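Below: one structure, written as structure tokens.
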Amino acid sequence: MSEERFSSLLAAARAGDEGAWEEIFQELAPTVLGYLRANGAPDPEDVLGETFLQVARDISTFDGERGAFRSWVFTIAHHRLIDARRHSARRPVELAAEPPEPRERADDAAEEALARLGRERVQRILGSLSEDQRVVLLLRFVGDMSVEDVAKAVGKRPGAVKALQRRGLAAVRRLLKSAGVPQ
Amino acid sequence: MSTNGASSNEMAEAGPFTQALRAAVPARVDRELTATIVPRLAAAARLSTVEAETRAVGRAQTVRPGRRALVAVAIAVALVPLLLAGLAVAGVTVPAPARDAFHAVGISLPNQPPKTEASEAAGGKTGPRGADDVSGAAQAKPSGGNSTAAHQHARDQHQKAQGKATGHGQGNAVGLNDSTPPGQSKTPPGQSKTPHGQTETPPGQSKTPPGHAKQSPAEETDIPPGQAKTPPGQSKTPAGQSKK
């Protein structure tokens, strides 16, 4: 989607156009839902709804391009995830027992990589990471957020986010090596 | 995707995992959820935009109370001359600076003493007040509003006091005439108008024979000869007050 197209979509969404909102929701909701599930949100669909409702309530205050909008939506999703966890009787984080149902095919490279690793293994590796590492890796590689944006979203300094990413990737490498997955 | 935060080697080693992550994480969203939430999102956005516009208008209007205060002050300042003019019309002697301000713009306030008297009144505040102090008479009845009557009354008092005092057998009442305050004389201490040892009238005598008071023509018909309106040694004006 070009920036011009995104600008007109944003203007229509601000005006309350349902078509614009449907397009935005279908573009971002699957990734946000996956992020919530991967982080063990108590009721991922419910948190997804709250996330997008807040996006709609605050859309008049947003000003930026497409990438910034995606980062903004993921930041809201992360905050709603934390709130949902607080309200869910402080249950320990339980990653989704069943792997999420895939949406449309991702790009070929991603599909190839997933086919090689296996969806279940990816879920297992994610679950073995510390919560901070998992959040940082998901926001960086699924949310496509910059280190600075992730730092703002999780309330840490960029240096801390970089360190978490490095340690998380190192843990992933160790786990893949121990599983005998060729690098 | 930015590689910020990780070296290219680290990214290359974890590359398959991060690629797989992108394919593994996104989940299919229930169509029913989409159909339910999209109208709510549109409505919430509409409401939010309207509220934002209302807030913007409200913020612009919050500047107005300051302007309103300025207008109120300006109106109050403009009302001061009107108030003074109104007081003057009602017979109140307005302060000299205010009168001067009106004179400066060519407006003469009604019911005000002449400028000389006004300046004397302003300068002689420490001295005794005369019987013709119109402002005092007028101000003595602030609620009555009968300033013309008060003015006339004061003038009558003045004329009566003047007439009695000059013709009184015992001489001038203390502090009554010639603007000489009590205990002061016009001549320096130790000097008199007449040469030393001489007096204009012998001691114990007045200019007029005893029992004959000098009367004004108007009063001659009213008062029998040998009688004065006021007892000897008294005048109608209180002691300590004299004509200016």
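The values are calculated or read from the model by the stated rules, or taken from the named source; none is laboratory data. Everything numeric here is computed off the predicted structure, so don't read it as measured data. A quick note on method: Cβ atoms are made from the backbone with ideal geometry, for glycine too, and the neighbour counts reach across all protein chains shown. The protein model used for the area step is the full one, side chains on, heavy atoms only, and it has no ligands, DNA or RNA in it. Shrake-Rupley method; radii C 1.70, N 1.55, O 1.52, S 1.80 Å.
Of note:
- Mean-position separation - Cα centroids, region A:116-183 and region A:7-81, in angstrom: 22 Å
- Spin-label pair B:Arg31/A:Ser128, simplified geometry with 7 Å Cα→Cβ offset, distance in nm: 3.9 nm
- Exercise: per-residue mean of other protein chain Cβ atoms within 10 Å, A:54-66: 3
- Shielding by other protein chains, B:30-40, mean Cβ within 10 Å: 5
- Relative contact order [Cα under 8 Å, 6+ residues apart], region A:131-183, whole percent: 32 percent
- Counting Cβ atoms of other protein chains within 10 Å of each Cβ in A:11-19 and taking the mean gives 4.
- Computed with a 1.4 angstrom probe on protein heavy atoms, the B-A interface buries about 4200 square angstrom of accessible area in total.
- Label zone (A:Ser7, point 7 Å along Cα-to-C-beta; backbone nitrogen cut-off 18 Å) within region A:53-74: A:60-70.
- A Förster radius of 35 Å combined with the Cβ-Cβ distance from B:Thr54 to B:Leu83 puts the calculated FRET efficiency at roughly 0.25.
- For B:Val105 and B:Ala69, the FRET efficiency from 1/(1 + (r/R0)^6), where r spans their Cβ atoms and R0 equals 25 Å, is about 0.35.
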